[in-house]
Amino acid sequence: MDYILSIVGPLAQGSVVTLKLFFVTLALAVPLGLALALVRISRFRTASRLVNGYLWLMRGTPLMLQLLFIYFALPFVPVVGVRLPDFPAAIVAFALNYAAYFAEIFRAGIQSIDRGQYEGAKVLGFTYGQTMRRIVLPQVVKRILPPMSNETITLVKDTSLIYVLALNDLLRAARGIVQRDFTITPFVVAAAFYLAMTLVLTWLFQRLEKRHAVYD
């Protein structure tokens, strides 16, 4: 027990990096995903096709590969040639990747709304922006909560991939202690940290789903 208490501190410090990456990614990826979804379903065919290609690229390649590309290969790309520090590189990779998944969730939610509601809003004199903001999006939020919950929980677990950039996140902190002490106990404690995070998110989304239930 004393040993477990002695390693909780370093693992908690690692979890701070994990949570920081999680919250920043969520703050960037959700609005970007919504914007991509709106462009994807717009009447501007060129923009829609470009977004569709972007979604295919980001969803069709591994997140770890995208991390390595942005951190190691981006400086060698002609014209761009930008070298990002490790944490900003992780933020960019995660935000761009998860925005693609959130975009598809938003797109499916928007397209699930009956077309008659758009026509009714038009009769009432609503603009497209007002229709989306006041009528469509409030209903979309209710319908996309389950898939958003899944993606958000997956995001917590995917943060462990940043160990490839030598960032001292929860998993890397646990691995360092394992290599030092030759025991798997830190991995078990790290698993408990991840489970605690996902438990909080599961509880939160369950409360939101009950509050915004489509069928009362």
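Do we have VAL24 as modelled with pLDDT of 95 or more, surrounded by fewer than 20 Cβ atoms within 10 Å (Cβ to Cβ) and at negative phi here?
Values: modelled with pLDDT of 95 or more: yes; surrounded by fewer than 20 Cβ atoms within 10 Å (Cβ to Cβ): yes; at negative phi: yes.
Judged against the criteria, VAL24 is a match.
If SER48 meets every condition in (1) in contact with a Lys or Arg (Cβ under 8 Å, 6 or more places away or on another chain); (2) buried (at least 17 other Cβ atoms within 10 Å of the Cβ) apart from one, which number is that one?
Tallying (1) in contact with a Lys or Arg (Cβ under 8 Å, 6 or more places away or on another chain); (2) buried (at least 17 other Cβ atoms within 10 Å of the Cβ), SER48 fails exactly one: (2).
Just one of the numbered conditions (1) free of Cβ contacts under 8 Å to residues at least 60 places away in the same chain; (2) in contact with a helix residue (DSSP H, G or I) (Cβ under 8 Å, 6 or more places away or on another chain) is not true of VAL200; which one?
Unmet for VAL200, out of (1) free of Cβ contacts under 8 Å to residues at least 60 places away in the same chain; (2) in contact with a helix residue (DSSP H, G or I) (Cβ under 8 Å, 6 or more places away or on another chain): (2).
How many residues are open to solvent by less than 90 Å² (accessible area, probe 1.4 Å), in a helix (DSSP H, G or I) and farther than 24 Å from TYR54 by Cβ when one looks only at segment 103-127? Quick ask: steps written out before the conclusion?
Of segment 103-127, the ones open to solvent by less than 90 Å² (accessible area, probe 1.4 Å) are 103-110, 112-113, 116-118, 120-121, 125-127.
Pick out the ones that are also in a helix (DSSP H, G or I) and you get 103-110, 116-118, 120-121.
Those still in the list that are farther than 24 Å from TYR54 by Cβ too: 116-118, 120-121.
Count: 5.
Go through (1) within 30 Å of ALA196 (Cβ to Cβ); (2) surrounded by 14 or more Cβ atoms within 10 Å (Cβ to Cβ) one by one and return the number of the condition LEU84 breaks.
(1)
Look through LEU96, LEU50, LEU68 and report the one residue that is touching a residue at least 12 places away in the same chain (Cβ under 8 Å), more than 19 Å from LEU28 (Cα to Cα) and not charged (D, E, K, R).
Working: LEU96 fails: more than 19 Å from LEU28 (Cα to Cα); LEU50 fails: touching a residue at least 12 places away in the same chain (Cβ under 8 Å).
Only one candidate passes the filter, namely LEU68.
Would you check which residues across segment 81-109 are out of contact with any Asp or Glu (no Cβ under 9 Å at 6 or more places or on another chain) and of a type in the set (Phe, Trp, Tyr) and list them?
PHE87, PHE106, listed by residue number.
Cβ-Cβ distance below 6 Å, separation of 6 or more or different chains: which pairs start in segment 144-157 with a residue that is closer than 14 Å to GLY109 by Cβ and end on one that is among the charged types (D, E, K, R) and part of a helix (DSSP H, G or I)?
LEU145/GLU209
The values are calculated or read from the model by the stated rules, or taken from the named source; none is laboratory data. Since this is a predicted model, take the numbers as computed values, not measurements. Cβ coordinates were reconstructed from backbone atoms using ideal geometry, including for glycine residues, and neighbour counts include every protein chain displayed. When the accessible area is computed, the model is the full protein with side chains, heavy atoms only, and any ligands, DNA or RNA have been set aside. Shrake-Rupley method; radii C 1.70, N 1.55, O 1.52, S 1.80 Å.
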